[in-house]
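Novice: Have a look at the structure that comes next, please.
The values are calculated or read from the model by the stated rules, or taken from the named source; none is laboratory data. The shown structure was predicted, so the numbers you read here are calculated from the model rather than taken from an experiment. Cβ: placed from backbone, ideal geometry, glycine included. Neighbour counts: every protein chain shown.
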Amino acid sequence: MNQPWLLLTLVGADRPGIVAHVTRVLFGVGAELGETAMMRLGNQFAIMMMVRGAGNPEEVAGLLESTRADFGLKLHVDEIDAALHQHREPDVSVTVHSADRSGIVADVTAALLEAGMNILDLRSDVGGSTDKPIYIMQIDGESSQGIEPIEQCVARFADQGLTVRVTPLETMRG
Amino acid sequence: MSVEPLPILTYPDERLKTVCEPVEQFDPELREFAEHLQHTADQGPSAVGIAAPQVGRMQRLCLVDATRAKRPVDNNGPLVLVNPAITNWKGFAVGREGCLSIPDYTGKVIRAETIELTAQDIEGRTVTFKMKGFEARIAQHEIDHLDGILFLDRLVSRHADLRER
C-alpha cells in the first residue's frame, strides 16, 4: 500500500536552485512527487509539493534540513488526505481590478459564495506605483447556479469603483 | 448504433505524434468509419470533436461539432472534414482544452480566433467553411491531431489571460 501523501511547503527569499536541490534530495531517496505549485509572492519564493515515499513528516523534514538551512528557508510538512486525478474544471472566470483598498478579496469572494461559485484558483496582485497602487485579482471557479447570479451579485461593485468582469469558460474536448 | 466504440489511443502512444496520410478513397467503408468514429466520440466525456488517428486510423479525417457546446455558439453544424486545410487565420484567443487521448488533464492553449478552411466532405466534394471562436478552436485542435500535434505541445502559462471569447 502506498504511503500517504505529504504536503511539503517551503518559503523563503528567492534564490536560483531551490527547486533543483529539493527535488534532487527527494529523488535520491525514491520519493514520488504528485502535483506541485511554485510562485513568487512579494519577492519571496513559495512552493507546495505533494510528496510520498520518503517517510513520515519528521523524516522528510530531516532529509531536507541541510537544503533548508543552506537556502535559509522555512519548511513545513503535513500528512494530508489527498489523491491524484481529482481535477475539476472551472466554468467561470472572474477578473477584478481597481485602485487598491482593503477588503476587496473579502467583499468579492463573499459575493461569489452567495452566488453559488466555488473558487478553484485565485491569484491576486498589487501593481501600479507605491503611491497609487492598483489591485488585480483573477479567479476561476465552478458556478453551481449558472453565470447569471454571479453577474448580478458582482454588479453592486461598480458603485464602489471596482471593475469586475465575469466570463463563462468552456473546456473544448476533442 | 449497436457496434462497440473504437478503442481510443492515449498519450504517449507514438501514433498520436504521427503525420497522417491524405484520404484518397471515398467509399462506403469511409462513410462507415466516420459513423463509427462519431459513435466513439459519443461515448467520451462531452467531446465536441475527434480525429481519425485517435483511434489508430492514420488518415486525414476528423469530426467537428460545435452544436454540442454547453452554451450555444456560432457553428456550421456537425461536420466530417476530410483532408482539411486551414487557409486563413485571424486574431488570437486563449481557451482551455482537453483531449480524449489525454485523460484527466486540461490546459490553456492559444488558437486563432477566426479561420477559414477548405476540406472535402465524406463524398469527396470540396467544401469551405468560415469558423470563429469555439468552433474554430475545435477545428484547429482536430487538424493538429492530423499533423501529430497534441494540445500539450501548445500549452501556455496557466495564468495566460488573453481575453477569452
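Novice: Being among the β-branched types (Val, Ile, Thr), outside any loop (DSSP other than H, G, I, E, B) and over 30 Å from residue B:96 (Cβ atoms) narrows it down to one of A:60, A:19, so name that one.
Specialist: One residue alone meets the criteria, A:60.
Novice: Among the listed residues B:137, B:71, B:60, B:111, which satisfies the condition of being buried (at least 21 other Cβ atoms within 10 Å of the Cβ) and in contact with a Pro (Cβ under 8 Å, 6 or more places away or on another chain)?
Specialist: Sole residue among the options that is buried (at least 21 other Cβ atoms within 10 Å of the Cβ) and in contact with a Pro (Cβ under 8 Å, 6 or more places away or on another chain): B:60.
Novice: Every residue in the stretch A:64-94 that is in a strand (DSSP E or B) and either loosely packed, with under 12 Cβ neighbours inside 10 Å or more than 14 Å from chain B (Cβ to nearest Cβ) (or both), please. Before the answer, list the steps.
Specialist: As a first pass, look at the stretch A:64-94 and keep what is in a strand (DSSP E or B): A:74-79, A:92-94.
Residues satisfying the conditions are A:74, A:75, A:76, A:77, A:78, A:79.
Novice: Sticking with this one: Out of all the residues in the stretch A:127-147, which are more than 12 Å from chain B (Cβ to nearest Cβ) and either free of Cβ contacts under 8 Å to residues at least 12 places away in the same chain or not aliphatic (A, V, I, L, M) (or both)?
Specialist: Those that are more than 12 Å from chain B (Cβ to nearest Cβ) and either free of Cβ contacts under 8 Å to residues at least 12 places away in the same chain or not aliphatic (A, V, I, L, M) (or both): A:127, A:128, A:129, A:130, A:131, A:132, A:133, A:135, A:141, A:142, A:144, A:145.
Novice: Something else now. Please work out if residue B:83 is on the phi > 0 side of the Ramachandran plot, out of contact with any Cys (no Cβ under 8 Å at 6 or more places or on another chain) and modelled with pLDDT of 95 or more. Steps first, please.
Specialist: Values: on the phi > 0 side of the Ramachandran plot: yes; out of contact with any Cys (no Cβ under 8 Å at 6 or more places or on another chain): yes; modelled with pLDDT of 95 or more: yes.
When the stated conditions are applied, residue B:83 passes them.
Novice: Please work out if residue A:132 is of a type in the set (Lys, Arg) and under 30 Å from residue A:58 (Cβ atoms).
Specialist: Details: of a type in the set (Lys, Arg): yes; under 30 Å from residue A:58 (Cβ atoms): no.
Answer is no for this residue.
Novice: Right, here's the next one. Among (1) more than 14 Å from every other protein chain (Cβ to nearest Cβ); (2) within 26 Å of residue B:49 (Cα to Cα); (3) of a type in the set (S, T, N, Q), where does residue A:160 come up short?
Specialist: Failing condition for residue A:160: (2).
Novice: Going through the stretch B:96-114 one residue at a time, which ones are outside any strand (DSSP E or B) and more than 9 Å from chain A (Cβ to nearest Cβ)?
Specialist: B:101
Novice: Within the stretch B:22-54, how many residues turn out to be in a helix (DSSP H, G or I) and within 16 Å of residue B:141 (Cβ to Cβ)?
Specialist: Going through the stretch B:22-54 one residue at a time, the tally reaches 5.
Novice: Being within 12 Å of chain A (Cβ to nearest Cβ), farther than 30 Å from residue A:35 by Cα and of a type in the set (A, V, I, L, M, F, W, C) narrows it down to one of B:93, B:41, B:66, B:34, so name that one. Even if it seems obvious, please write down each step before you answer.
Specialist: On the way: B:93 fails: farther than 30 Å from residue A:35 by Cα; B:41 fails: farther than 30 Å from residue A:35 by Cα; B:34 fails: within 12 Å of chain A (Cβ to nearest Cβ).
Result of the check over B:93, B:41, B:66, B:34: B:66.
Novice: I'm told residue A:43 meets every condition in (1) surrounded by fewer than 16 Cβ atoms within 10 Å (Cβ to Cβ); (2) over 28 Å from residue B:105 (Cβ atoms); (3) modelled with pLDDT of 95 or more except one. Can you identify the failing condition by its number?
Specialist: Result: residue A:43 fails condition (3) only.
Novice: Next question. If residue A:174 meets every condition in (1) away from every other protein chain (no Cβ under 11 Å); (2) without any contact (Cβ under 8 Å) to a residue 24 or more places away in the chain; (3) surrounded by 13 or more Cβ atoms within 10 Å (Cβ to Cβ) apart from one, which number is that one?
Specialist: Among (1) away from every other protein chain (no Cβ under 11 Å); (2) without any contact (Cβ under 8 Å) to a residue 24 or more places away in the chain; (3) surrounded by 13 or more Cβ atoms within 10 Å (Cβ to Cβ), the lone unmet condition for residue A:174 is (1).
Novice: When you look at residue B:78, is it closer than 17 Å to residue B:22 by Cα and more than 12 Å from chain A (Cβ to nearest Cβ), yes or no? I'd like the intermediate steps shown before the answer.
Specialist: Numbers: closer than 17 Å to residue B:22 by Cα: no; more than 12 Å from chain A (Cβ to nearest Cβ): yes.
Judged against the criteria, residue B:78 is not a match.
Novice: Let me ask another. Would the stretch A:106-117 turn up any residue that is modelled with pLDDT of 95 or more, touching a Lys or Arg at 6+ places or on another chain (Cβ under 9 Å), among the hydrophobic types (A, V, I, L, M, F, W, C) and within 30 Å of residue B:103 (Cα to Cα)?
Specialist: No, the stretch A:106-117 contains no residue that is modelled with pLDDT of 95 or more, touching a Lys or Arg at 6+ places or on another chain (Cβ under 9 Å), among the hydrophobic types (A, V, I, L, M, F, W, C) and within 30 Å of residue B:103 (Cα to Cα).
Novice: If a residue must be more than 14 Å from every other protein chain (Cβ to nearest Cβ) and either part of a helix (DSSP H, G or I) or out of contact with any helix residue (DSSP H, G or I) (no Cβ under 8 Å at 6 or more places or on another chain) (or both), how many such residues does the stretch A:95-126 contain?
Specialist: Going through the stretch A:95-126 one residue at a time, the tally reaches 18.
Novice: Let me ask another. Going residue by residue through the stretch B:152-160, is there one that turns out to be small (Gly, Ala, Ser) and under 12 Å from the mean Cα position of the chain (by Cα)?
Specialist: Going residue by residue through the stretch B:152-160, those that are small (Gly, Ala, Ser) are B:157, B:160.
Retained after the next criterion (residues that are under 12 Å from the mean Cα position of the chain (by Cα)): none.
Checked the stretch B:152-160: no residue is small (Gly, Ala, Ser) and under 12 Å from the mean Cα position of the chain (by Cα).
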